[in-house]
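Below is one structure, written out as structure tokens; comments come after it.
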Amino acid sequence: MKYKDGVVFWGKVSYNGTFHLVELKEEMQYAAREMDQISREETNNEIIIVSAIEGKHSPTSKHPEGLAIDVRSWIYRDAEKQVLLRRWNMKLNPDWDYDTRKGKKNYDIILENPGEKNEHFHIEYDPR
């Protein structure tokens with residue numbers, strides 16, 4: 001597993017108008033480890049985390065809480081991206097059916113901004 005320069009996993013983060021001490025939660029550390037293993041199996045590439053708790057995100061973002069990461073996607077071919085989305089979802093959401101989109105889901109795993117310069121995988125822990 002690799003990290004883009006500047007990625008922060010622990011520190012002071014400003015959200016909701018105040019500063020909070022935040023660290024990347026265990027649920028996300030677990031997800032990153034599992035995703036990295038699957039990426040290596042499928043593509044021989046390590047995942048590259050490009051954002052954790054730092055940066056500017058939407059008001060509803062889980063990043064400032066340590067419950068989301070972004071992973072570089074341009075290192076994968078289009079077909080590999082689809083395989084990874086399926087495998088990551090199957091591993092991290094075992095009670096959710098990827099094809100029917102039904103069942104209990106713990107992680108949101110999506111490809112944001114496909115085909116654009118800022119395309120990336122967004123992964124957040126949000127059980128429901």
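The values are calculated or read from the model by the stated rules, or taken from the named source; none is laboratory data. Here the structure is a predicted model, which is why all the values come from computation and not from measurement. FYI the Cβ positions are ideal-geometry reconstructions off the backbone, even for glycines, and counts take in every protein chain you see.
Return the residues of region 86-101 that are at pLDDT 95 or above and in contact with a helix residue (DSSP H, G or I) (Cβ under 7 Å, 6 or more places away or on another chain); say none if nothing qualifies.
ARG87, TRP88, LYS91, LEU92
Are any residues in region 114-126 under 14 Å from the mean Cα position of the chain (by Cα) and over 18 Å from ILE47 (Cα atoms), and if so, which ones?
Step one: filter region 114-126 for residues under 14 Å from the mean Cα position of the chain (by Cα), giving 119-126.
Residue satisfying the conditions is ASP126 alone.
Counting only residues that are part of a loop (DSSP other than H, G, I, E, B) and within 20 Å of PRO127 (Cα to Cα), which one in region 8-56 is modelled with the lowest pLDDT? I'd like the intermediate steps shown before the answer.
To start, the set of residues in region 8-56 that are part of a loop (DSSP other than H, G, I, E, B) comprises 8-9, 16-17, 24-25, 44-47, 52-56.
Retained after the next criterion (residues that are within 20 Å of PRO127 (Cα to Cα)): 24-25, 52-53.
Values: LEU24: 81, LYS25: 88, ALA52: 81, ILE53: 76.
Checked region 8-56; the qualifying residue modelled with the lowest pLDDT is ILE53.
Can you work out which of the residues in region 48-68 that are of a type outside the set (Ser, Thr, Tyr) and closer than 18 Å to LYS117 by Cα is surrounded by the fewest Cβ atoms within 10 Å (Cβ to Cβ)?
Once the filter is applied, the top-ranked residue is LYS56.
Give the residue that is surrounded by the most Cβ atoms within 10 Å (Cβ to Cβ), with candidates limited to residues of region 69-111 that are of a type in the set (Asp, Glu) and without any contact (Cβ under 8 Å) to a residue 12 or more places away in the chain.
Result: ASP97.
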